[in-house]
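What follows is one structure encoded as structure tokens, with my remarks underneath.
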Amino acid sequence: MKDPVGKPQDYTPNSPALKGINFVVPMQFAGLRLDQALAKLAPDYSRSRLQSWIRDEKVWLDGAACNIRQKVWGGESVVIEAEPDPLETAYAPQEIALNVLYEDAFLIVIDKPAGLVVHPGSGNWEGTLLNALLHHAPELSAIPRAGIVHRLDKETSGLLVVAKTLPSQTSLVRQLQGRSVKRQYLALVHGIVARGGTIDAPIGRHPTHRTKMAVVGSGKPARTHYRVLESHCGCTLLECTLESGRTHQIRVHMQYIGHPIVGDPVYGNKPKQSENSVLLAAFPRQALHAKRLSFAHPESGEFLEFESDLPEDLAALLEKLE
């Protein structure tokens with residue numbers, strides 16, 4: 001039996017009643033709050049994690065649920081049904097289907113579907129493109145961010161390049177920074193856009209809504225070129241080319257010029273009434289697709305260009321609009 005102070009007295013992973021880490025509260029802890037006692041008994045876990053487990057009834061004191069401020073007097077049995085920290089499992093390989101357009105020893109080009117998160121984060125700790133890549137190519141576990149060098153929003157579909165080696169990752173990052181990676185998007189926006197143009201407006205964190213981006217004077221330089229492909233009653237299909245790569249750049253810039261992207265839940269607004277307004281309002285995601293991607297191969301220097309077909313949902317919407 002181990003020292004009860006700061007170490008589990010018992011570990012019974014196959015307990016028929018409760019699976020977890022078992023302790024007996026030492027007598028010298030008498031008078032402490034439960035969370036204070038647990039912080040001493042289970043120092044591998046932060047106080048905030050222990051408190052969240054108590055609130056979620058993952059901690060049992062003498063077989064009963066308890067509360068954070070409850071005091072212990074020594075001799076009580078404690079069971080912690082410890083759950084893994086999401087950060088500890090975020091980089092786990094998962095078998096998720098990938099549409100691989102190109103792959104060699106140095107890089108992978110993926111056609112990402114809408115709905116797939118690229119990198120684990122708050123609220124999306126698994127089921128991401130990163131998890132899928134680690135299953136598809138286990139050697140990516142040795143590369144920072146599993147080789148991901150740029151991202152697409154969860155609900156944006158289209159092309160992404162992933163590095164398979166550290167030198168390839170360095171090359172692709174430098175190309176992105178040098179703006180030699182060319183990225184073109186299709187965006188269906190509200191309203192009739194008469195002609196193409198360029199939006200040159202800095203983007204930074206929204207001054208009051210910190211989860212959003214906005215055109216702000218203190219933001220980073222951002223430039224989007226756009227041209228009109230076709231117009232329908234109440235909306236316009238644009239081809240957008242990024243000269244910079246700021247978070248939510250096309251979505252923010254389109255809202256800035258008064259033509260937000262159809263289906264955008266963050267930067268959109270209620271469309272003007274038209275014969276297509278009901279159809280547009282029903283589209284379940286932002287109508288944005290990364291159509292074309294080109295760059296120099298990080299090893300050979302060969303110029304590579306890839307193109308992605310319109311996803312079925314966006315193609316179907318355009319067909320109905322026509």
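Would you kindly identify the strands (runs of 3 or more DSSP E) lying entirely within segment 80-196 that contain at least 2 residues that are among the small types (Gly, Ala, Ser)? Strands (runs of 3 or more DSSP E) meeting the threshold: 157-163.
For Asp264, the conditions (1) surrounded by fewer than 16 Cβ atoms within 10 Å (Cβ to Cβ); (2) more than 19 Å from Arg292 (Cβ to Cβ); (3) charged (D, E, K, R) all hold with the exception of (1). Exactly one residue out of Ala187, Ala194, Ala146, Ala163 is among the small types (Gly, Ala, Ser), crowded, with 23+ Cβ neighbours inside 10 Å and either in the same structural domain as Ala287 (by TED's automatic domain parsing) or touching a Lys or Arg at 6+ places or on another chain (Cβ under 8 Å) (or both): that is Ala187. Candidates Thr241, Thr236: the one that is modelled with pLDDT of 90 or more, polar (S, T, N, Q), in contact with a strand residue (DSSP E or B) (Cβ under 7 Å, 6 or more places away or on another chain) and surrounded by fewer than 19 Cβ atoms within 10 Å (Cβ to Cβ) is Thr241.
Output yes when any residue across segment 149-158 is at positive phi and free of Cβ contacts under 8 Å to residues at least 12 places away in the same chain, and no when none is. Within segment 149-158, not a single residue is at positive phi and free of Cβ contacts under 8 Å to residues at least 12 places away in the same chain. In segment 212-256, the residue that is nearest to Ser157 (Cα to Cα) out of those that are among the polar types (S, T, N, Q) and free of Cβ contacts under 8 Å to residues at least 24 places away in the same chain is Gln255. Scanning segment 100-115 for residues that are within 13 Å of Gly147 (Cβ to Cβ) and either surrounded by 20 or more Cβ atoms within 10 Å (Cβ to Cβ) or at pLDDT below 95 (or both) yields Leu107, Ile108, Ile110.
Checking each residue in segment 300-322 for being in a strand (DSSP E or B) and under 26 Å from the mean Cα position of the chain (by Cα) picks out Glu305, Phe306, Glu307.
Where in segment 202-299 are there strands (runs of 3 or more DSSP E), lying fully within it, with 1 or more residues that are among the hydroxyl-bearing types (Ser, Thr, Tyr)?
On the way: elements: 203-205, 213-215, 223-232, 235-242, 288-296.
In segment 202-299, 223-232, 235-242, 288-296 are the strands (runs of 3 or more DSSP E) which contain 1 or more residues that are among the hydroxyl-bearing types (Ser, Thr, Tyr).
How about segment 42-57: which of its residues are assigned to a loop (DSSP other than H, G, I, E, B) and either among the acidic types (Asp, Glu) or modelled with pLDDT of 90 or more (or both)? Those that are assigned to a loop (DSSP other than H, G, I, E, B) and either among the acidic types (Asp, Glu) or modelled with pLDDT of 90 or more (or both): Asp44, Asp56, Glu57.
Applying the condition of being basic (Lys, Arg), free of Cβ contacts under 8 Å to residues at least 40 places away in the same chain and touching a helix residue (DSSP H, G or I) at 6+ places or on another chain (Cβ under 9 Å) to segment 31-84 and asking which residue is surrounded by the most Cβ atoms within 10 Å (Cβ to Cβ) yields Lys58.
The values are calculated or read from the model by the stated rules, or taken from the named source; none is laboratory data. Values in this document were obtained by computation on a predicted structure and should not be read as measured data. Every residue, glycine among them, receives a Cβ derived from its backbone with ideal geometry; neighbour counts consider all protein chains shown.
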